[in-house]
1. Of all residues in segment 303-319 being in a helix (DSSP H, G or I) and farther than 22 Å from VAL591 by Cα, which is farthest from the chain's Cα centre (by Cα)?
2. Please identify the pairs in which a residue from segment 478-499 that is free of Cβ contacts under 8 Å to residues at least 40 places away in the same chain has its Cβ atom under 6 Å from the Cβ atom of a residue that is open to solvent by 60 Å² or more (accessible area, probe 1.4 Å) and among the aromatic types (Phe, Trp, Tyr), counting only partners at least 6 apart or on another chain.
3. Considering only residues of segment 586-602 that are among the charged types (D, E, K, R) and part of a loop (DSSP other than H, G, I, E, B), which is most open to solvent (accessible area, probe 1.4 Å)?
4. Out of the residues in segment 57-75 that are part of a helix (DSSP H, G or I) and over 25 Å from the mean Cα position of the chain (by Cα), which is surrounded by the fewest Cβ atoms within 10 Å (Cβ to Cβ)?
5. Looking at ASP709 and the list (1) open to solvent by 50 Å² or more (accessible area, probe 1.4 Å); (2) over 20 Å from THR675 (Cα atoms); (3) at pLDDT 85 or above, which single condition is not satisfied?
6. Restrict the check to segment 359-370 and report whether at least one residue is outside any helix (DSSP H, G or I) and in contact with a Pro (Cβ under 9 Å, 6 or more places away or on another chain).
7. If the Cβ limit is 8 Å and pairs must be 6+ apart or interchain, which residue in segment 266-280 that is closer than 14 Å to GLU682 by Cβ and open to solvent by 10 Å² or more (accessible area, probe 1.4 Å) pairs with which residue that is among the aromatic types (Phe, Trp, Tyr) and not in a helix (DSSP H, G or I)?
8. Sort through ILE342, ILE322, ILE329 and tell me the only one that's in a helix (DSSP H, G or I), open to solvent by less than 50 Å² (accessible area, probe 1.4 Å), more than 16 Å from GLU567 (Cβ to Cβ) and at pLDDT 95 or above.
Amino acid sequence: MAELTPMMQQYLKTKEQYPDCILFYRLGDFYEMFFEDAKTASRELEITLTGKNCGLEERAPMCGVPHHAVDGYLNKLVSKGYKVAICEQVEDPKQVKGIVKREVTRIVTPGTNLSALQEDDKRNNYLMCIAYFNGKIGISVADVSTGDYFLTEVDQNKRLLDEIIKYSPREIICNDAFFVSGVDIDDLRGRLGISIFALEPYFFDEGNCRKCLTGHFQTKTLSGLGIEDFPSGIIGAGALLQYLYETQKISLSHFTHLYPYLASSYMLLDSSTRRNLELCETLREKQKRGSLLWVLDKTRTAMGGRMLRTWVEQPLIRKDAIEQRLDAIEELCRDSVSRDEIREYLGPVYDLERLLGRVSYGTAGPRDLIAFRNSLQMIPPIQTVTGDFHSQLLGELTRQLDGLEDICGLIQDAIEEEPPVSAKEGGVIKSGYHEQVDTLREAKIQGKNWLAALEEEDRERTGINNLKIKYNKVFGYYFEVTNSFKGMVPQDYIRKQTLTNAERYTTPRLKELEDTILNAEEKLFALEYELFAAIREKIASQIERVQQTAKALALIDTLTSLSLVAEQNRYVRPKLNEKGVIDIKEGRHPVVEKMITNDMFIHNDTYLDNQKHCVSIITGPNMAGKSTYMRQTALIVLLAQIGSFVPAKKANIGLVDRIFTRVGASDDLASGQSTFMVEMNEVANILRNATGDSLLILDEIGRGTSTFDGLSIAWAVIEHISNPKLLGAKTLFATHYHELTELEGKINNVNNYCIAVKEQGEDIVFLRKIIPGGADKSYGIQVARLAGVPDIIINRAREIVEQLADQDIIERVQQIAVTAPASSKTKPKVLDEVDLSQMSLFDTIKDEDVIQELMDLEITTLTPLDALNTLYQLQNKLKNRWKN
């Protein structure tokens, strides 16, 4: 390193400490990158790669970005999974000879990037830590912008994935064991866009973790935090906190609480269910519009928006907690005038949670504090209105609101109404707040007047008529006295310079004015910043009070939003029961009804329980509304359990512990899985994890394989689900296998329903109404005609379906092929051997073989499905026997 320039030696020494980061190295008004960092940044940011002389034979590759535009470049790099270390000058270059001292002040990672938060202020930016151990998995989640900090434990990979999907973190940090846990890391990185980094083992040392947590929360033991029952969770939370200390380089004073929770305390929603029900984003476009959250979100604040999203993603399962929310929403609906008044007051409220994050980071500016003050001024009127409500939850929230009058008053007295963006530009502190600021500000403005007054005053005092105050850069301000008046100079004048025809003097008073005027602006800006930083520190010392008030305001905002949506969309308060009964009268799909412009959504009833109405088999044509109806039921149950009113005329909702959906499927080519394999994986997951208190939404199980295999699987699934000894979960089961309608009457808790359809000649009209009974047709050809399939195809399909309807499908397949149009020259083919139970149509079968097989059957051990399959196989053998 001897031949390197001093600056480059300093750079390389810093880079050695942060080898996994791109180092943004501050040089004047730019952040510059060198060597491999420069090549990477140039490529990813699409900026020019140049070079710099650094003492080596070749110029060092270099690129740079302006410091005032750094946020955009940071976002680009971090969104691509890079970590960026920000290295700042920590000394004033004017006061230092030689190399300015520089230090890394912050490491920006995907989970700690504060500059990207403006893109979606109603969404948390979570960082997740996973401590993976045999038997238990510790999970901790934090949002550095708000100070939210949670921990829990799970005992299997499936539950871990559910937590990952629920929080959708931008970044996961973990121990090495997570990479060999069987979790699909590539899928998390690719499909979900999560950056994943392994930390050194010392981060997960239990002693280090406990020491870090007790030190941060200033407690001798962790029992006071209520987390002793989460040993793996403690390690996850401790590792996460150490990581934040190491990367953020601040005290993290806004991390005031660590909230433990049990995953089983909330309704379990796996990734398929969240995706299929389109809770927070649509399935195809990944947009908020068209999702359930889009319908519900009328919040006025960013804090309320984030809380509402959390409610949607974490429905409750405790009846008393849900009833509290419902009571509050009902009271707000009864007094809509007061509710709308609250919403008006919430409009100007700033994002207090994220402001506290900036206060903790020391990046909150003067305009942030003015917005903060404006927010605090809204609290007293909100308290006044909410104080008139009597529901338990609204009463608690009113008591939690702290007017924060001291902080509001401090900002009101100290900060200008329209301050500059930067606290270092001056013009921040109000006149009258600090005497020295007033003096310096007056000096900056009134300096010439003061000099003129002093000149006139001393002219009269000394009697020197031509006495003048002059200035130059060498001597500053001085009195100039010509030689003719030299004898009249008073004793307090101090000679500074002798000229040919004059003398130059100064006085203590002039020197004082000189210092005041010449240094006024610099001193003023420095003093204003110092006072501003002190005000910011005073706010930081009250973080817990502000956080409590912010949470209360967010909750009030969420409740008023749900109340407004209930009123505008004609929702009703659901009754809740713990008997497993779901009884919905005239239910509607909350999203679809908003997307239909003509207000023509057809409502439907639903009744499910754990007794005689456990499984509803729903048949009907495609596009008739089966999927919409089933999703509607699931969303109404979910809405009830987040504490919202529901789109129905009347609803009695039995609490469910989890909702599973199997709706639609597509090939997962990346992992080599076909549509059918994806479908079967989802079905297997449901059957393994559902309980008798779950709600299952199953759409067209078995459609991805041959007819008989698919029918057999669907049949067996219904048998399993409907058996209370095996599962007994409430289920809506849509299918095109009309044979399944035969289960009604054979299984006492299975019932048939269908979508009503009206035929008009060759066309059909979907009535969208669910009625008892099974559909007698699938109307597939009519749907194909509606979709615009060419008439030649439609006509040929009608011919084929008539032939298949007249005679047995197995017997007619060859004839259909033979009677195909002559131009096709299709030759008869042997049918799929597997579909015909390994029997070719041309095999010779003897009657005696069939009789012997019948005699050998153990009928008492056959299930109904086995009997049906066996009978079908024997029938095929006999048919083939007579054909040949």
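1. Start the filter on segment 303-319 by keeping residues that are in a helix (DSSP H, G or I), which leaves 303-313, 319.
Now narrow it down to the ones that are farther than 22 Å from VAL591 by Cα: 303, 319.
Values: MET303: 13, LYS319: 26 Å.
Among those residues, the one meeting the criterion is LYS319.
2. Listed pairs, sorted by first residue: LYS496/PHE475.
3. So the first thing to find is which residues in segment 586-602 are among the charged types (D, E, K, R), and the list is 586, 588, 593-594, 599.
Going one step further and asking which of them are part of a loop (DSSP other than H, G, I, E, B), we end up with 588, 599.
Values: ARG588: 19, ASP599: 114 Å².
Filtering first and then ranking leaves ASP599.
4. Going residue by residue through segment 57-75, those that are part of a helix (DSSP H, G or I) are 67-75.
The next check asks that each one be over 25 Å from the mean Cα position of the chain (by Cα); those that pass are 67-69.
Details: HIS67: 15, HIS68: 8, ALA69: 10.
My answer is HIS68.
5. Result: ASP709 fails condition (2) only.
6. Taking segment 359-370 and keeping what is outside any helix (DSSP H, G or I), we get 362-365.
Checking which are in contact with a Pro (Cβ under 9 Å, 6 or more places away or on another chain) leaves us with 365.
Within segment 359-370, one or more residues are outside any helix (DSSP H, G or I) and in contact with a Pro (Cβ under 9 Å, 6 or more places away or on another chain).
7. These pairs meet every condition: SER272/PHE660.
8. On the way: ILE342 fails: more than 16 Å from GLU567 (Cβ to Cβ); ILE329 fails: more than 16 Å from GLU567 (Cβ to Cβ).
Just a single option satisfies the conditions, and that option is ILE322.
The values are calculated or read from the model by the stated rules, or taken from the named source; none is laboratory data. Quantities reported herein were computed from a predicted structural model and do not represent experimental measurements. FYI the Cβ positions are ideal-geometry reconstructions off the backbone, even for glycines, and counts take in every protein chain you see. These area figures cover heavy atoms from the full protein model, side chains too; ligands, DNA and RNA do not enter into them. Shrake-Rupley method; radii C 1.70, N 1.55, O 1.52, S 1.80 Å.
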